[in-house]
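First up is the structure itself, then whatever we jot down about it.
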């Protein structure tokens, strides 16, 4: 079939789908969910925003997925083979995989999707250092040929959270990785309804009647994605008290991340259940812009880290010690690569040392621009804490408040801070995103290829490359420690505490799976 003919047929199929499916949706099978923020970007490869990642899991599928124990399992892949020399990976897709427009999922689609993903994601970027080529064997089978053995191939393809390697039709995946897609056809368990969705109000997804789940029981993000709902609506409701009131009144079924100060009220209601759907939790981050003054100077970055301390952030944002942990480990306390080596100064402020470093570096007192997000409750108080601590450490700080989507857009700019750019931002990561030196995007130090802030450090990249090739766990742990020490030495960024937060659901909702992502297959709604 020619590309032109297939594209025309796809357009007809999508139009037919839009006309028929809304009429078949059953209101009593509608799950209404409030996420932790508004969904404005619909391309989960272009952005690391978690709301966009959640959207991705609704409509797309993956070649591999991580189960509840973070073991990587086949998802769209039926079978795979690794050659004896560990240079050729052969993947065969499951039978019956279709895009939402009715076209079959092919090897060429998967190859294009992987190529686009690898230009944006930290694990993809490192994997592609080893990839020689991707080639189709037939319509359902393709191969990844490596230049040399690499131990994280399947871990990369099955990574569980931000910038997931979702499979898209080739015509979509051929979009420049630096530009957003405009076609939201996937092959996943739900179908996005562009016509019924109103950004700022709600996003609508209907059950994909042709989706074929795997036979295995669901576990984390792996296994059978059995949809037991007719429709999911992601309702945009920025005010947290309004969210809580809507949940208590039964107008909303799930609130993904209610603020910690409202948890006692929700817990007291007999119709509400608090559920820890992500038991591994999250990690707060402070990030510097390495390409503009003054944080192009490592001494000034280090001065900032000496001024901060984790407890102040955790008390201001979470409050209840039951839901937070002071932790010196970049790679999450309680996990295989955790170490607190070298991180003491992140735990206790040393304002005098901060002032000494600023004097040594010749800091001229120009205010640093600190972006504050006002629409993600868990982040709102991080910037004011930073402002207070840095000012005690000798900085002048210009804290500029904005909604999260404005911050997400502005963080892409490399202009000087006084010309629309920025110096400091805060974000957080699902712990599953920061478990090792390759998965952690903040550790990438390859300039423009890295995460916002764009650090450049050849020594860090050597350490990360060595980790990626190592298979001995003891040696991996040693390298992970060296990566952490290097990040602290250069003040590449700061990890400022771990936190946990349950979601809240009505008691008539069941089947919410434990995973690093809030997923909506397996969920049932009664009444």
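Read-outs throughout are calculated quantities, based only on the coordinates presented, and are distinct from any laboratory measurement. None of the values given here were measured: they were computed from a predicted structure. A quick note on method: Cβ atoms are made from the backbone with ideal geometry, for glycine too, and the neighbour counts reach across all protein chains shown.
Most exposed first by the Cβ proxy, i.e. fewest other Cβ within 10 Å, how do 446, 415 rank? Each step should come with its number before you reach the end.
Working: 446 18, 415 13.
Arranged by neighbour count, lowest to highest, 446, 415 become 415, 446.
Calculate the FRET efficiency for residue 79 and residue 148 from the Cβ-Cβ distance with a Förster distance of 41 Å, rounded to the nearest 0.05.
Numbers: r = 24 Å, r/R0 = 0.60.
It comes to 0.95.
How big is segment 466-527 on each of its three principal axes, counting only the C-alpha atoms and giving the largest first in Å?
56, 28, 14
If you rank 333, 327 by fewest surrounding Cβ atoms within 10 Å, what's the result?
Numbers: 333 16, 327 24.
Ranked by crowding around the Cβ, least crowded first: 333, 327.
Measuring from label point to label point, each 7 Å out along Cα→Cβ, what is the residue 133 to residue 469 span in nm?
The answer from the label model is 2.4 nm.
Report Rg (one decimal) and Dmax (nearest whole number) for the chain, counting Cα atoms only, units Å.
23.1, 70
Could you please rank 101, 296, 95, placing first whichever residue has the fewest other Cβ atoms within 10 Å of its Cβ? Show your work: numbers first, answer last.
Details: 101 22, 296 14, 95 9.
With the sparsest Cβ surroundings first, the list reads 95, 296, 101.
Cα atoms only: what Rg and Dmax, in Å, come out for segment 282-499?
16.3, 48
For the peptides 50-56, 149-155, what is the packing order when you average, over each peptide's residues, the other Cβ atoms within 10 Å and list the highest mean first?
Values: 50-56: 23.3, 149-155: 18.1.
Going from most to least packed, we get 50-56, 149-155.
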